[in-house]
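Just below is one structure, and these are the notes that go with it.
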2 protein chains.
Amino acid sequence: MAISRIASLRAGLRALAGRKNGVRVNEFNVPRLFLYHRALVEVSKQGVSVVTSESLAELCANDVTPTQIRKDLSQLGTLGRRGHGYQVAALLDLLARVLGLDQDWRIAIVGFGYLGHALTTFLSYREERFKIAALFDKAPDVIGQKWNDLTVRHIDELESTLRELGGVDIAVLAVPSKAAQEVAERVAAAGVDAILNFAPIALRVPEQVFARNIDLAGELSILTHYLTGSD
Amino acid sequence: MAISRIASLRAGLRALAGRKNGVRVNEFNVPRLFLYHRALVEVSKQGVSVVTSESLAELCANDVTPTQIRKDLSQLGTLGRRGHGYQVAALLDLLARVLGLDQDWRIAIVGFGYLGHALTTFLSYREERFKIAALFDKAPDVIGQKWNDLTVRHIDELESTLRELGGVDIAVLAVPSKAAQEVAERVAAAGVDAILNFAPIALRVPEQVFARNIDLAGELSILTHYLTGSD
DNA sequence: AAATGTGAAGAGGTTCACAGCG
DNA sequence: CGCTGTGAACCTCTTCACATTT
């Protein structure tokens with residue numbers, strides 16, 4: 001079976017439920033909204049201008065039912081036309097706004113090894129809303145490396161660089177796990193409120209900071225658990 | 001607030017609920033079990049031999065309550081001693097068995113760009129149970145590259161190489177999104193039942209194949225949604 | 001006729017409160 | 001007394017069925 005679904009948040013996000021342009025959004029399904037957004041970008045390129053909840057479900061390919069889509073979208077307002085479907089353009093705009101994808105975001109990549117490099121390349125190539133604003137590392141042979149117009153700075157210049165830049169929105173941590181906690185605290189102290197952490201540890205961050213982990217070993221372990229079960 | 005939780009599966013996994021060494025496991029909380037496992041590995045190194053559900057919750061740092069831990073663990077059997085706590089060693093063994101981390105797994109990395117390289121390095125360095133068994137790419141300048149004892153093969157040799165190796169357990173897809181669907185089908189046809197996909201598309205895979213996505217843009221989008229909400 | 005929007009029912013995970021046991 | 005183990009209450013998300021609207 002195909003289970004390719006964006007990470008969901010569970011308990012943690014419940015506390016976040018809030019208002020969004022006056023509309024109460026169930027924060028729990030943000031990953032699904034993102035799936036819809038991606039699918040719509042795709043069909044939009046192909047010139048499709050109307051989708052139904054059924055065709056959109058088909059586009060998302062996995063485990064999303066038409067009913068679920070209607071329920072999710074209905075939270076955002078009355079968006080469709082009965083007997084007809086949803087306007088792709090309008091829906092795209094709305095989802096982009098709700099997801100925050102209607103504006104640019106500045107990102108600092110901390111740790112410019114293979115992973116940091118890969119993430120940087122991926123983002124700059126594929127996600128135009130995410131602007132790489134600063135690169136940091138600790139290794140002498142990495143510091144000073146150029147990437148497009150950016151130079152990799154020493155991690156000790158984190159605070160001063162961010163100050164110069166007027167801050168960044170998101171910090172991506174691609175550093176060894178021993179360093180991750182300290183780096184997280186430093187970027188948080190420097191005013192960054194969102195962290196995407198690739199180090200396999202449970203970060204402790206200040207209250208206002210939203211940290212999210214991508215845990216490779218954890219993901220693999222879900223697979224091995226599955227493989228073990230189907231002996 | 002810290003929300004660093006491993007991706008959970010939701011609907012998809014429900015269908016998987018099954019028996020595991022005669023114990024019915026709620027497949028929904030595998031990511032949590034993995035968190036416990038990791039925390040226990042850590043304290044085990046420090047010589048701690050007993051934990052309580054409370055101390056374990058503290059170690060996991062985020063959004064896990066002692067009650068939740070007891071509930072999760074009680075699914076696996078009667079593991080603790082009332083008035084005392086859990087034996088770290090015994091619990092570690094059990095969790096490893098349940099998660100499939102008590103055995104080696106052979107992994108093929110498809111796509112040996114920066115990301116593939118990073119994943120390969122990470123796994124071989126940090127996760128001894130995951131053995132990199134084969135590397136594939138399509139770019140002429142990457143093919144033939146050496147990594148430890150392995151040589152990067154052309155993707156067209158996927159089937160023959162896997163046959164030679166007697167198969168692998170998991171395929172990690174670090175290829176461009178245009179290529180991902182085709183690669184997924186090929187590795188599935190070659191007998192690989194577990195896929196970890198980094199390409200930002202919804203994979204369609206055969207019934208018996210368990211595919212899991214890690215979606216960088218999706219994760220960032222959760223962050224930007226949060227940042228937008230707290231304007 | 002067709003597809004949305006939605007109250008109500010259902011399912012499943014989480015929390016509570018306390019019984020049970022060492 | 002302390003901490004686990006667990007049925008029951010609770011709560012949230014999902015699914016169903018159909019009224020509603022174009």
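The values are calculated or read from the model by the stated rules, or taken from the named source; none is laboratory data. Just so it is clear, the structure is predicted and the values come from calculations on it, not from any experiment. We place every Cβ from the backbone using ideal geometry, glycine too, and count neighbours over all the protein chains shown.
Considering only region B:45-67, state which residues are assigned to a strand (DSSP E or B) and surrounded by 20 or more Cβ atoms within 10 Å (Cβ to Cβ).
Within region B:45-67, the subset assigned to a strand (DSSP E or B) is B:50-51.
Once the filter is applied, which keeps residues that are assigned to a strand (DSSP E or B) and surrounded by 20 or more Cβ atoms within 10 Å (Cβ to Cβ), region B:45-67 yields only B:51.
When you scan region A:33-44, do you find a residue that is within 14 Å of DNA strand D (Cβ to nearest atom), modelled with pLDDT under 95 and of a type in the set (Phe, Trp, Tyr), even just one? Within region A:33-44, none of the residues are within 14 Å of DNA strand D (Cβ to nearest atom), modelled with pLDDT under 95 and of a type in the set (Phe, Trp, Tyr).
Would it be correct to say that residue A:208 is more than 22 Å from residue B:218 (Cβ to Cβ) and within 18 Å of the chain's Cα centre (by Cα)? Against the criterion (more than 22 Å from residue B:218 (Cβ to Cβ) and within 18 Å of the chain's Cα centre (by Cα)), residue A:208 qualifies. Can you name the residue in region A:95-142 that is assigned to a loop (DSSP other than H, G, I, E, B) and among the charged types (D, E, K, R) and is also farthest from residue A:214 (Cα to Cα) among such residues? The extreme case among them is A:141.
Considering only region B:73-112, state which residues are more than 7 Å from chain A (Cβ to nearest Cβ), more than 16 Å from DNA strand D (Cβ to nearest atom) and in contact (Cβ under 8 Å) with a residue 40 or more places away in the chain. Within region B:73-112, B:96, B:97, B:106, B:107, B:108, B:109, B:110, B:111, B:112 qualify. With the condition kept exactly as written, say whether any residue in region B:121-134 is more than 16 Å from the chain's Cα centre (by Cα) and of a type in the set (D, E, K, R). Among the residues of region B:121-134, not one is more than 16 Å from the chain's Cα centre (by Cα) and of a type in the set (D, E, K, R), which makes the answer no.
When every residue of region A:52-66 is checked against the conditions, none turns out to be away from every other protein chain (no Cβ under 11 Å), modelled with pLDDT of 95 or more, in contact with a Leu (Cβ under 6 Å, 6 or more places away or on another chain) and within 15 Å of DNA strand D (Cβ to nearest atom). Taking region B:180-217 as the range and being facing another protein chain (nearest Cβ under 7 Å), in a helix (DSSP H, G or I) and surrounded by fewer than 21 Cβ atoms within 10 Å (Cβ to Cβ) as the test, only B:217 passes. For region A:143-150, indicate whether the set of residues that are more than 7 Å from chain B (Cβ to nearest Cβ), out of contact with any Lys or Arg (no Cβ under 7 Å at 6 or more places or on another chain) and closer than 18 Å to residue B:219 by Cα is non-empty. Looking through region A:143-150, none of the residues is more than 7 Å from chain B (Cβ to nearest Cβ), out of contact with any Lys or Arg (no Cβ under 7 Å at 6 or more places or on another chain) and closer than 18 Å to residue B:219 by Cα.
Output the residues belonging to region A:56-94 that are under 30 Å from residue B:210 (Cβ atoms) and more than 8 Å from DNA strand C (Cβ to nearest atom). Residues satisfying the conditions are A:57, A:58, A:59, A:60, A:61, A:62, A:63, A:64, A:65, A:68, A:72.
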